[in-house]
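Have a look at the structure below, then the notes.
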Amino acid sequence: MMLVMAAVMEGPLADLSSWQPTDCSIAKAIELVGTRSAVLILREAYYGTTRFDGFAQRVGITDAAAATQLRKLTEAGLLTKQPYQEQGKRTRNEYILTPMGRDLLPVVLALMQWGDAYLQPGPPPLLLVEQSTGSPVRVQVRSDSGHEVPLEQLAIRVNDDYLNARHARKSKG
């Protein structure tokens, strides 16, 4: 018999058949950045790419696909457009990470870390290190007190603040 290791679902969440994951934050995030081109455009923004042509070329997508993804990421608030003009040329926009886009960095690095561990046939092509010390950098699940939290120790519970806000919205509408 195989032991199933899972998060600890607390309170009304313990019976998975009695509730649906409505308003799921994971689903909302995947809706926004769940395509290969969106994640790779973010990767390039973290690497310092800012210009349209750079995104299209480095991600290996068509101009139309780059335009679609850049527009979607900009409208969602992960990138912002900033005008620039090269001498003798028309004004264009470059794409700069917003705080919202920068906050997605651990997600992209976690995908990289997972891919390095499970999908690369040998050593990973890139290393993540702290610039000032050269110390390796890893994405981990930790509590506010600093403890690493394995899946079996992760508790998931209903957020009362969410329920109160949802109730308040329904009362107004």
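Quick test for you: out of 38, 29, pick the one residue that is under 12 Å from the mean Cα position of the chain (by Cα), under 15 Å from residue 73 (Cβ atoms) and open to solvent by 40 Å² or more (accessible area, probe 1.4 Å). Give the derivation first.
Working: 38 fails: open to solvent by 40 Å² or more (accessible area, probe 1.4 Å).
After ruling out the rest, the residue left standing is 29.
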Selected residue (criterion: nearest to residue 40 (Cα to Cα)) from residues of segment 82-106 that are free of Cβ contacts under 8 Å to residues at least 12 places away in the same chain and within 24 Å of the chain's Cα centre (by Cα): 102
Hey, residue 140 in contact with a strand residue (DSSP E or B) (Cβ under 9 Å, 6 or more places away or on another chain), of a type in the set (S, T, N, Q) and either open to solvent by 80 Å² or more (accessible area, probe 1.4 Å) or within 24 Å of residue 33 (Cα to Cα) (or both) or not: yes
Residue match in segment 104-118 (condition: assigned to a loop (DSSP other than H, G, I, E, B) and either exposed (fewer than 10 other Cβ atoms within 10 Å of the Cβ) or among the small types (Gly, Ala, Ser) (or both)): no
First in segment 144-161 and acidic (Asp, Glu), second anywhere and in a loop (DSSP other than H, G, I, E, B), Cβ under 6 Å, 6 or more apart: 148/140; 152/5
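Among the listed residues 80, 50, identify the single one that is touching a strand residue (DSSP E or B) at 6+ places or on another chain (Cβ under 9 Å), under 30 Å from residue 162 (Cβ atoms) and either open to solvent by less than 50 Å² (accessible area, probe 1.4 Å) or among the β-branched types (Val, Ile, Thr) (or both). Spell out the reasoning first.
Details: 50 fails: under 30 Å from residue 162 (Cβ atoms).
Exactly one of 80, 50 is touching a strand residue (DSSP E or B) at 6+ places or on another chain (Cβ under 9 Å), under 30 Å from residue 162 (Cβ atoms) and either open to solvent by less than 50 Å² (accessible area, probe 1.4 Å) or among the β-branched types (Val, Ile, Thr) (or both), namely 80.
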Number of the condition not met by residue 100 [criteria: (1) part of a helix (DSSP H, G or I); (2) open to solvent by less than 40 Å² (accessible area, probe 1.4 Å)]: (2)
Enumeration of residues in segment 58-96 that are part of a strand (DSSP E or B) and under 13 Å from residue 38 (Cα atoms): 79
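Residue by residue through segment 121-136, note down the ones that are more than 16 Å from residue 47 (Cα to Cα) and open to solvent by less than 80 Å² (accessible area, probe 1.4 Å). Outline the logic, then answer.
Keep residues of segment 121-136 that are more than 16 Å from residue 47 (Cα to Cα), which gives 121-124, 132-136.
The answer is 122, 124, 134, 135.
The values are calculated or read from the model by the stated rules, or taken from the named source; none is laboratory data. Source: prediction; values computed, not measured. Quick reminder, even Gly has a Cβ in these numbers, built from the backbone with ideal geometry, and neighbours come from all protein chains shown. What goes into the accessible areas is simple: the full protein's heavy atoms, side chains included, and nothing from ligands, DNA or RNA. Shrake-Rupley method; radii C 1.70, N 1.55, O 1.52, S 1.80 Å.
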